[in-house]
Structures are given as structure tokens and as C-alpha cells.
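The values are calculated or read from the model by the stated rules, or taken from the named source; none is laboratory data. Because the structure is predicted, anything quoted here is derived from the model rather than measured. Note that each Cβ is placed from the backbone with ideal geometry, even for glycine, and that neighbours are counted across all protein chains shown.
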Amino acid sequence: MKILIIEDEPELNASIASYLRGQGYLCESVFTFAEAQERVETFDYDCVLLDITLQDGSGLDILRSLKQSGKTEGVLIISARHSLDDKVEGLTLGADDYLAKPFHLSELGARVSAIIRRKQFGGNNLVQFGDLVLDTMAHTAKVADKELDLTRKEYQLLLYFACNRGRVLSKNAIAEHLWGEDLGGGVNYDFIYTHIKNLRRKLMDAGTGDHIQSVYGMGYKFSAP
């Protein structure tokens, strides 16, 4: 799951990113209105953490832009403003939740998780495809109640496929989702092939079948009952 953190306080931004990475999320950080606007226009995220009091613009304008463009990211507003009007305006514009500073990182993490569950999985912690069950809280995958020995990237890849069941995902989309801003230039997609090969083998060894299909010239598709 990929999170965009829009927060102009460097220490707070870094602490949020560190905490959420420890919870298994891929995090990208921006510090200005201009950076945030460019990022949300170019990339897709599972959740956006949005400070509405940026030095060079209002986070509410970013929220408006997201909703006007029809994007479906979950949005959690984080702000030092305690005004009821600010909270009401943010929620009215389409934010999913509002958290006033200062806050505990554990509460932030719980709210992010709840937003993603509502957006992606209808509020459920467990995502099931036949005998394959993903637990989005524990970050585990089981087949017939036996836990699969997946690396963090393999689990993230499986969850990404599950969120996009039946859709063809390009190699570029997979790489960008799993590595984000750490991807760098000159992309070599061999590492994606290796992760998919290993994940496919582990699923088949567990007896759940080959749910990951190669679509020639396009990418990969996850198919499950």
C-alpha cells in the first residue's frame, strides 16, 4: 500500500514516514503545495495524508483537485487547525477523516488502516479468494489456514494484485507502486519478474493454483474465484 505524506514540518513528516514504513507501507514525502500538486496529478496512492496549512498554498485546494479529477485516494487531513469550520469544510470536500495535531502515531496508523480497509476492501480486514486469505492488519497470507512465507515485497505485490483483481497491470505500474520515488531512472524490470516468479511459485507450492497470468506485451493480471 502506497501513502503520500504532504506535511511541511520535516521532523513530523519524517517520523510519520518512519512509523508507517514500519507498518509495511510504502511512503513518499513532499513538503510544499507545488510538490504535492504535481505528485497527485501524476501518480496514484492508496491514502494521502494532507496538511491543510502548507506555507505556499492550502491543502484544501489539493483535496479539491483530487476530487474534481475523479481520483479515489483515501484522504486523511492532518492539521494544527482546531476550527470546526476547517474540519467541516475538509470532510465536505471529500476527505475521509480528520486528525488534529498533536497526535499519537499509533492513532494515525489506525486511521490510515481504517481508510484503506473502507476504500479497498469494504471495511474488512480479511480478503479472500477461494482458499487464499489475506489479512491486511497482520500483513499475512494464508492458504488453507497455513501461512505463506512471503517477503515484505512479495506480500505487497500480492495485495496489489488482489486490489486490482481482473485488471491488467503494466510492469511500470507495478514498479512504481512497489518502489515509488526510490525506483530512480533507468528501470530494469528483471527484479519485477523475479518477485512475480517467486510469488507465483509459493502460491502454487501451497496448492492454491497459479492466479497470476502474464498478458503478452501488456503486463500481468490476477485472476481468482
Checklist entry - For the range 111-131, which residues satisfy the criterion of being of a type in the set (Lys, Arg) and in contact (Cβ under 8 Å) with a residue 40 or more places away in the chain? => result ARG118, LYS119
Next on the checklist: Quick check on ILE52: is it crowded, with 19+ Cβ neighbours inside 10 Å, within 18 Å of the chain's Cα centre (by Cα) and not hydroxyl-bearing (Ser, Thr, Tyr)?
Outcome noted: no
Checklist entry - Going by the structure shown, is LYS142 crowded, with 17+ Cβ neighbours inside 10 Å and at pLDDT 85 or above? => result yes
Item to check | Residue that is assigned by TED's automatic domain parsing to the domain that holds ASN198 and touching a residue at least 40 places away in the same chain (Cβ under 8 Å), where the choices are LEU108, LEU134, LEU150 | outcome: LEU150
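Any residue that is of a type outside the set (S, T, N, Q) and in contact with an Asp or Glu (Cβ under 7 Å, 6 or more places away or on another chain) - is there at least one of those in the range 78-95? Spell out how you get there, then give the answer.
First pass over the range 78-95, keeping only residues of a type outside the set (S, T, N, Q): 78, 80-82, 84-91, 93-95.
So of that shortlist, the ones also in contact with an Asp or Glu (Cβ under 7 Å, 6 or more places away or on another chain) come out as 78.
Yes: the range 78-95 contains one or more residues that are of a type outside the set (S, T, N, Q) and in contact with an Asp or Glu (Cβ under 7 Å, 6 or more places away or on another chain).
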Next on the checklist: Of the residues GLY94, GLY57, GLY90, GLY24, only one is modelled with pLDDT under 90, farther than 29 Å from TYR160 by Cβ and in contact with a helix residue (DSSP H, G or I) (Cβ under 7 Å, 6 or more places away or on another chain); which?
Outcome noted: GLY57
Next on the checklist: Quick check on GLU73: is it touching a strand residue (DSSP E or B) at 6+ places or on another chain (Cβ under 9 Å), closer than 29 Å to ARG152 by Cα and surrounded by fewer than 17 Cβ atoms within 10 Å (Cβ to Cβ)?
Outcome noted: no
Checklist entry - Can you pull out the residues in the range 52-97 that are among the β-branched types (Val, Ile, Thr) and touching a residue at least 12 places away in the same chain (Cβ under 8 Å)? => result ILE52, THR53, ILE62, THR72, VAL75, ILE77, ILE78
